[in-house]
Amino acid sequence: MRAAGVVVVLAMIAGSSCQADECQSFSASTMKANGTVAAAKWRVDYPPVRPNPNDPQPWESVDFRTKPADYMNAVLNTAKTSFKIADRRLVGTGQEEWWISQWLDYGNSGREPLMGLTKERGPDPGDLSKTNTRGSQVWAVGFYNKPGAAVFGEVFAEPCNPSFPVAMKFPNDTVSVKFLFTDASPDEVAYLQGAPEYDAFIDNLGAGSGGQDPSTRTIRSVRLLQVDISVKDSAKTGRSLDTGWVFGTFVWRGPAKGDALFDNLVPVSLQWGNDPGVYDGAIRESWINPDLRNVTYGWDQRLTMGFMGRANGPADNIRSSCLSCHSAARTPRASIGLLDNRFNMDDVANPAKVKAHIDTWFQNIKGSQLFQPSEPAASTLDYSLQLEAAAFRICLACQAGDLRGPTPTLCRSSGFYNRPVCNAPLEASVRKRLLDLVPPPRQ
Ligand code: HEC
């Protein structure tokens, strides 16, 4: 009896403190960077079974169309007791029911060790605030709750050979929450004044977008900027039936109060559809918090959060919206990418250009439907861009000689890498050129 008890306790401790990298034949995890800092301990011991999809959830009684802020807070509340600030880091309780994705700890934007952050798109001048200049960085860590993490358990049952179904489908009640940090100065971004500082092992000051060689990273201060949520909320009539998902975001707004983490988060926007065919800005499937006019939007470079009034966050590209980018989740990615960054915002007054942009990027796509169906894909990913990034990185690691052994099945079916065995380690300059080619995950 006693021995069995000890085994159970040890298994629990081991389970809740795994490395992000679980694949033994992979040795290039960016979480292990130079071994000088202790790595974040996020959970990858995914739940073995999917919870009952009929379990009641606190947000289900709230109508997101009429009470968007209440809905968002009900979702965020489910994460509140799981995360806190300790020693200038965001940490979990150890028992938090939130799990990270495997395979994001590779390449130039791969997870840094201190908080497990991946590098995101760096904001353009005027994105975060009227006065933010060029060069700031954004780094983020995202989690899935139990229903979502159970899917990750199925996908990564064999960590060196993940199994991607043709049509990924997250169960109802799946929630993802993502914390985005920035090194932008509060002198430039007024709502960050008074924000607690966190340590992250990131690129040098002024690096902006685009991943750099991880060996050049150093420990620097960042502040929490934005918290994203996504919810699979499609089971009942009146919920999000066009896309299956509801996406929303909060901004950290000073001065600091309460726990200086959740207590400072203010809802920015919520979205349950892309408003396809709406070319005049009369948006019905997004909500934007009017209190944040002149705080997170409302100046020349950023008149709106997302494209023509659709939802997006401060760190996001005004040419896009949450659901627009995420509806493009598939592997391999479509050749047109996740958004058209070339759209010139001066053209919002040009009806033909606006129509072309909206008709391509702002459809209401169901999770199992393929974005750009004229190009075949190995798998549609039900709005999960982390799964997309994970699929990409494992195949890149195989090609770049950082993953040894048989080529993951996925990499052959997606056409990424077709040889039966992963490359032998490449010459350093060849490997670097390959890794430098990779576009930042969030343009
Ligand atoms: C320009 C494209 C783009 C836009 C716009 C965008 N995202 Fe994402 N998002 C990504 C990418 C790429 C990832 C995965 C890589 C990562 O986490 O770094 C991601 C990851 C996430 C995740 C983690 C789970 C997942 O689906 O992979 C959440 C939650 C999320 N985004 C929410 C949002 C919300 C809410 C908005 C709008 C406020 C938004 N995103 C806007 C590109 C985008």
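The numbered conditions (1) open to solvent by 60 Å² or more (accessible area, probe 1.4 Å); (2) under 19 Å from the mean Cα position of the chain (by Cα); (3) within 28 Å of residue 171 (Cβ to Cβ) are all true for residue 341 except (3). Taken over region 230-266, residues that are surrounded by fewer than 24 Cβ atoms within 10 Å (Cβ to Cβ) and under 18 Å from residue 60 (Cα atoms) amount to 9. Only residues that are aliphatic (A, V, I, L, M) and free of Cβ contacts under 8 Å to residues at least 12 places away in the same chain: list them for region 356-387, please. Of everything in region 356-387, just one residue is aliphatic (A, V, I, L, M) and free of Cβ contacts under 8 Å to residues at least 12 places away in the same chain, namely 356. Within region 417-437, residues that are under 15 Å from residue 161 (Cα atoms) sit with their Cβ atoms under 8 Å from residues that are at pLDDT 95 or above and β-branched (Val, Ile, Thr), at 6+ positions apart or across chains, in these pairs: 417/407; 418/407; 419/407; 420/407; 421/407; 422/407.
Let's see how each residue does on (1) among the aliphatic types (A, V, I, L, M); (2) under 30 Å from residue 53 (Cβ atoms); (3) near the ligand (Cβ under 9 Å from one of its atoms); (4) modelled with pLDDT under 95:
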position: 256; (1), (2), (3), (4): yes, no, no, no
position: 263; (1), (2), (3), (4): no, no, no, no
position: 272; (1), (2), (3), (4): no, yes, no, no
position: 287; (1), (2), (3), (4): no, yes, no, no
position: 296; (1), (2), (3), (4): no, no, no, no
position: 307; (1), (2), (3), (4): no, no, no, no
position: 323; (1), (2), (3), (4): yes, yes, yes, no
position: 327; (1), (2), (3), (4): no, yes, no, no
position: 330; (1), (2), (3), (4): no, yes, no, no
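The residues listed here are 335, 413; of these, the one that is open to solvent by 10 Å² or more (accessible area, probe 1.4 Å), of a type in the set (Ser, Thr, Tyr), over 23 Å from residue 121 (Cβ atoms) and away from the ligand (no atom under 14 Å from the Cβ) is 413. Residue pairs whose Cβ atoms lie under 9 Å apart, sitting 6 or more positions apart in sequence or on different chains, and linking a residue in region 76-98 that is in contact (Cβ under 8 Å) with a residue 60 or more places away in the chain to a partner that is outside any strand (DSSP E or B) and aromatic (Phe, Trp, Tyr), are 76/262; 78/59; 79/98; 79/262; 80/262; 83/98; 83/262; 98/42.
Do we find that residue 184 is touching a residue at least 40 places away in the same chain (Cβ under 8 Å), open to solvent by 30 Å² or more (accessible area, probe 1.4 Å) and among the hydrophobic types (A, V, I, L, M, F, W, C) in this structure? No.
Residue-level check: of (1) within 15 Å of the ligand (Cβ to nearest atom); (2) more than 15 Å from residue 140 (Cβ to Cβ), residue 208 misses just (1).
The single condition among (1) touching a residue at least 40 places away in the same chain (Cβ under 8 Å); (2) within 16 Å of the ligand (Cβ to nearest atom); (3) open to solvent by less than 70 Å² (accessible area, probe 1.4 Å); (4) outside any loop (DSSP other than H, G, I, E, B) that residue 395 does not satisfy is (1). With respect to the stated conditions, residue 244 is in contact (Cβ under 8 Å) with a residue 60 or more places away in the chain, within 14 Å of the ligand (Cβ to nearest atom) and on the phi > 0 side of the Ramachandran plot.
Just wondering, is there one or more residues in region 348-360 that are part of a loop (DSSP other than H, G, I, E, B), among the charged types (D, E, K, R) and out of contact with any His (no Cβ under 7 Å at 6 or more places or on another chain)? No, every residue in region 348-360 fails to be part of a loop (DSSP other than H, G, I, E, B), among the charged types (D, E, K, R) and out of contact with any His (no Cβ under 7 Å at 6 or more places or on another chain). Consider region 272-321 and keep the residues that are part of a strand (DSSP E or B) and within 21 Å of residue 254 (Cα to Cα). The one that is most open to solvent (accessible area, probe 1.4 Å) is 293. Restricting attention to region 164-205 and to residues that are under 25 Å from residue 80 (Cα atoms) and among the hydroxyl-bearing types (Ser, Thr, Tyr), the residue that is nearest to the ligand (Cβ to nearest atom) turns out to be 176.
When residue 216 is tested against (1) at pLDDT below 95; (2) of a type in the set (S, T, N, Q); (3) under 28 Å from residue 322 (Cβ atoms), only condition (3) is not met.
The values are calculated or read from the model by the stated rules, or taken from the named source; none is laboratory data. Everything numeric here is computed off the predicted structure, so don't read it as measured data. Glycine also receives a Cβ, built like all others from the backbone with ideal geometry; neighbour counts cover every protein chain displayed. Areas reflect the complete protein model, heavy atoms only, side chains present, ligands, DNA and RNA absent. Shrake-Rupley method; radii C 1.70, N 1.55, O 1.52, S 1.80 Å.
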